[in-house]
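The values are calculated or read from the model by the stated rules, or taken from the named source; none is laboratory data. Please read these numbers as outputs of a predicted model, since none were measured by experiment. A quick note on method: Cβ atoms are made from the backbone with ideal geometry, for glycine too, and the neighbour counts reach across all protein chains shown. These accessible areas exclude ligands, DNA and RNA; they are computed on the full protein's heavy atoms, side chains included. Shrake-Rupley method; radii C 1.70, N 1.55, O 1.52, S 1.80 Å.
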Amino acid sequence: MRHFRTVGARLALALVLVVAAVLAAVYLIVIPSLEDRLVNSRKDQVEKVAEAVVAQLNANRPPTDDLASGFASASNARVTIFDVSSRSPLTLLDVADAGCGACGGINDDPIAMRTAQSLTSSRGVVTRGGRKYAEGAQPTSNGKNIVLVSNSIEDSLGSVALVEHRLVISALLALVAAFLLGYGGARLFARRIRRLEQAAERIANGRFDEPIVDTSPDELGQLARAFERMRQRLAGLEHARREFIANASHELRTPLFSLGGHLELLVEEDLDEATTREFLGRMREQVDRLTKLAGELLDLSRLDAGRLRVDRDPVDLAQVTELLLDEFDSRAQGTGHELSRDGIDGSATGLGDQQRILQVGRALVENALRHTPAGTHVFVSASRNGDRVALSVEDDGPGISETAAVQVFERFYRGDTGGRASGSGLGLAIARELAVAMQGEIELSSEPGRTVFTFWLPAASSTSSPAIE
């Protein structure tokens with residue numbers, strides 16, 4: 001029974017059962033039907049001969065052996081003419097018999113007796129001497145004579161038996177062929193399934209180096225290609241994770257080393273007040289850098305766990321725009337960028353969480369300043385379009401390639417534009433998930449010389465908005 005636990009054996013067995021059921025249905029329908037048709041054809045034949053003989057007798061022709069012999073020779077059947085010698089009890093006496101000289105008398109033939117009793121035609125199959133005969137009996141119009149025509153159906157039954165034998169042999173061959181073909185085909189599919197199983201095991205164990213190849217256009221081929229896409233995506237995520245760990249370690253190590261160095265100098269060296277203040281300012285910058293990275297990681301974990309709560313309050317995007325301009329003005333000057341507003345719509349009030357909207361805006365502006373060269377103009381605007389409002393960040397930098405545009409919102413992705421790639425690679429990913437959490441979205445449109453990130457939110461019914469602190 002262990003062999004029938006495999007997919008190949010089960011599919012082959014199922015195919016055999018289906019073929020067996022079809023063949024059994026064919027056997028049960030064809031064989032009895034064929035036998036009935038052959039027997040009924042022979043009954044019709046003997047009945048017509050009986051009617052012809054009765055027609056001669058009704059025409060006052062005497063019931064002689066010559067009459068019976070003529071019809072017997074013409075029909076290759078036994079023709080017997082009975083005289084109803086007594087009706088109480090009913091007694092038949094054959095007065096003419098031809099076509100079976102050595103067969104003996106048949107005065108007690110049931111078909112003839114039935115016709116003599118009812119004086120109506122009768123037909124049927126009788127068995128005499130181990131052989132079967134199709135018989136037809138007809139009475140004459142005066143009821144004195146009964147004509148019985150009998151013909152053996154052994155040849156017809158032999159033909160049916162031959163067909164039955166060949167059908168059984170063919171069925172057995174078909175079952176064997178079905179099992180072999182089914183088992184062979186199922187083994188091929190099972191082998192492909194095992195390859196997919198092995199590939200899944202490799203992926204589950206973190207091995208993404210071996211591609212999954214199956215060029216077949218069927219469902220297994222489609223499944224294999226889906227596995228391959230999954231492998232490539234997981235390999236990319238694994239690569240991004242490793243890079244993120246390395247980058248996060250570097251991002252953590254740099255401010256920690258800086259803090260350690262400044263603390264050591266503050267403790268061991270006798271510094272003047274100006275130098276001490278400078279060191280404290282630098283230490284403050286490194287603490288802010290660590291705080292930002294920790295906040296991003298915390299937001300990411302909350303988003304994954306579905307525990308990040310966002311409010312839905314009216315928020316004035318014009319105020320958000322002014323806050324972003326004030327916050328990033330000094331940084332833009334330090335990196336050689338020109339940061340300015342590009343249209344402020346006073347009716348651009350959306351529904352969302354005040355602090356999270358500001359967080360998304362920071363991520364978009366920071367992305368523009370980080371990934372564009374010095375001298376790039378960065379514009380921030382707020383607008384309304386029907387039942388939606390938008391916070392847009394546009395720059396006239398070199399643009400984003402099509403490949404990068406597909407990946408720019410993925411976690412851990414850090415674009416590389418002329419060696420300026422930096423950061424954790426989480427800002428835009430978190431921004432998009434925050435936008436979705438507030439029932440909004442972020443759209444990207446980029447071409448050489450113009451890149452626009454548009455943060456859409458549902459518009460608020462009221463234009464009033466609490467202040468953003």
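Looking only at residues in the stretch 25-43 that are free of Cβ contacts under 8 Å to residues at least 60 places away in the same chain and of a type in the set (A, V, I, L, M), which one is nearest to A174 (Cα to Cα)? Here the answer is A25. Look at (1) out of contact with any Leu (no Cβ under 8 Å at 6 or more places or on another chain); (2) touching a residue at least 12 places away in the same chain (Cβ under 8 Å) and you find that G334 fails only one, number (2). Between residues in the stretch 271-293 that are under 23 Å from L428 (Cβ atoms) and open to solvent by 40 Å² or more (accessible area, probe 1.4 Å) and residues that are outside any helix (DSSP H, G or I) and of a type in the set (F, W, Y), which pairs lie under 6 Å by C-beta distance while being six or more apart or on different chains? Note: no pairs meet the criteria.
If you go through the stretch 296-315, how many residues are open to solvent by less than 30 Å² (accessible area, probe 1.4 Å), modelled with pLDDT of 75 or more and over 11 Å from R356 (Cβ atoms)? Selection size over the stretch 296-315: 0. Confirm whether F189 is part of a helix (DSSP H, G or I) and among the hydrophobic types (A, V, I, L, M, F, W, C). Considered against the rule, which asks whether it is part of a helix (DSSP H, G or I) and among the hydrophobic types (A, V, I, L, M, F, W, C), F189 comes out as yes. Scanning the stretch 347-368 for residues that are open to solvent by 10 Å² or more (accessible area, probe 1.4 Å) and in contact with a strand residue (DSSP E or B) (Cβ under 8 Å, 6 or more places away or on another chain), we see that the one that is farthest from G425 (Cα to Cα) is S347. Only residues that are among the small types (G, A, S) and open to solvent by 50 Å² or more (accessible area, probe 1.4 Å) were counted across the stretch 376-388, and they come to 1. Criterion first (at pLDDT 80 or above, surrounded by 12 or more Cβ atoms within 10 Å (Cβ to Cβ) and charged (D, E, K, R)) does R166 satisfy it? No.
Of all residues in the stretch 128-155, those that are farther than 27 Å from R61 by Cα and either more than 60 Å from the chain's Cα centre (by Cα) or open to solvent by 20 Å² or more (accessible area, probe 1.4 Å) (or both) total 9.
Take the stretch 179-197 and flag every residue that is over 13 Å from I212 (Cβ atoms) and open to solvent by 80 Å² or more (accessible area, probe 1.4 Å). Answer for the stretch 179-197, where residues must be over 13 Å from I212 (Cβ atoms) and open to solvent by 80 Å² or more (accessible area, probe 1.4 Å): L180, L181, R187, L188, F189, R191. The number of residues in the stretch 417-436 being modelled with pLDDT under 75 and small (G, A, S) comes to 7. If only residues of the stretch 62-87 that are assigned to a loop (DSSP other than H, G, I, E, B) and under 13 Å from V147 (Cα atoms) are counted, the one that is least open to solvent (accessible area, probe 1.4 Å) is A77.
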